[in-house]
Amino acid sequence: TEEHAALLSRYTEQIVLIDVDRIDPDPDNFYSLDGLDELAGNIELISLQQPLRVRPGESGRYIIVSGHRRRAACLMIRDGGSTMFDQGVPCIVERGEESDALRELRLIYANAATRVMTSAEISRQAERVTELLYQLKEQGMDFPGRMRDHVAEACQVSASKLARLHAIRSNLDSELLPYYDSGALNEDAAYQLSRFP
């Protein structure tokens, strides 16, 4: 029936080819784009194994939901003279039926499971997950148990590590925080320094 087809199309994801130049990074993305040479080499060797997830932007453009590193690697391949993506980059276009907070939370869950992150990235991720969970709670979603446990699960760290990262982010002198964020100051040193008045 028509109703069944409409319902099925709502839940069926389709891959479409989109010009890589029409895909913009999400300005809220805080993950590093490291390891691009290796990723680009893998994509050139075995092709792109996972499509980018994008959402419609303005003026026929798209914004990345998941796949910032893959997009950057595809641009490197294209800029190196390859014709691999002349027809476009495989993408799944999200329909925008969920809230921005839920969409961003899904991105964080995906990144937590697929990349190795620095201590500073995990602490920024935990800070953002906390904000998103409280937004979703205000929108009526129920989170049984302690919020800290949900944040730890999303970031795939223990609750004690989460408390340590929170202490660094909250208490480290603002002049030292950029050194922690850049990796010049490791987690142990940052934690010890955050305990000083």
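Across the chain, the mean sequence separation of Cα contacts (distance under 8 Å, 6 or more residues apart), normalised by length, yields a relative contact order of 19 percent.
Segment 31-98 and segment 127-189 have their alpha-carbon centroids 28 Å apart.
Note on the chain: GNM, Cα springs under 10 Å; of R128, R146, R71, the largest mean-square fluctuation is that of R146.
In a fully extended conformation the segment linking D24 and Y109 would gain 28.5 nm over its present Cα-Cα distance, using 0.36 nm per residue. The modelled label-to-label distance for the pair L45/R195, using points 7 Å beyond Cα in the direction of Cβ, is 4.5 nm. What a 1.4 Å probe finds exposed on segment 124-191 is 48% carbon and sulfur by accessible area, rounded to a whole percent.
Tell me which GluC sites (Glu not before Pro) from segment 64-146 have a DSSP coil assignment and no more than 13 other beta carbons within 10 Å of their own.
Answer by residue number: E97, E98.
Given the choices (1) 16.7, 50; (2) 18.2, 54; (3) 19.5, 69, Rg and Dmax of the Cα atoms in Å derived from the coordinates of this structure is entry (3). With coordinates expressed along the principal axes, the C-alpha atoms belonging to segment 101-197 extend over 39, 29, 21 Å, beginning with the largest.
Tell me the mean residue ellipticity at 222 nm calculated for the chain from its helices only (DSSP H runs of n ≥ 4, each -39500 (n - 2.57), averaged over every residue, nearest 500). Intermediate results must be reported in sequence, preceding the final value.
Values: 9 runs with 104 residues, N = 197.
Calculated from helices alone, the mean residue ellipticity at 222 nm is -16000 deg cm²/dmol.
The values are calculated or read from the model by the stated rules, or taken from the named source; none is laboratory data. Please read these numbers as outputs of a predicted model, since none were measured by experiment. Positions of Cβ are backbone-derived with ideal geometry, glycine not excepted, and every protein chain shown enters the neighbour counts. What goes into the accessible areas is simple: the full protein's heavy atoms, side chains included, and nothing from ligands, DNA or RNA. Shrake-Rupley method; radii C 1.70, N 1.55, O 1.52, S 1.80 Å.
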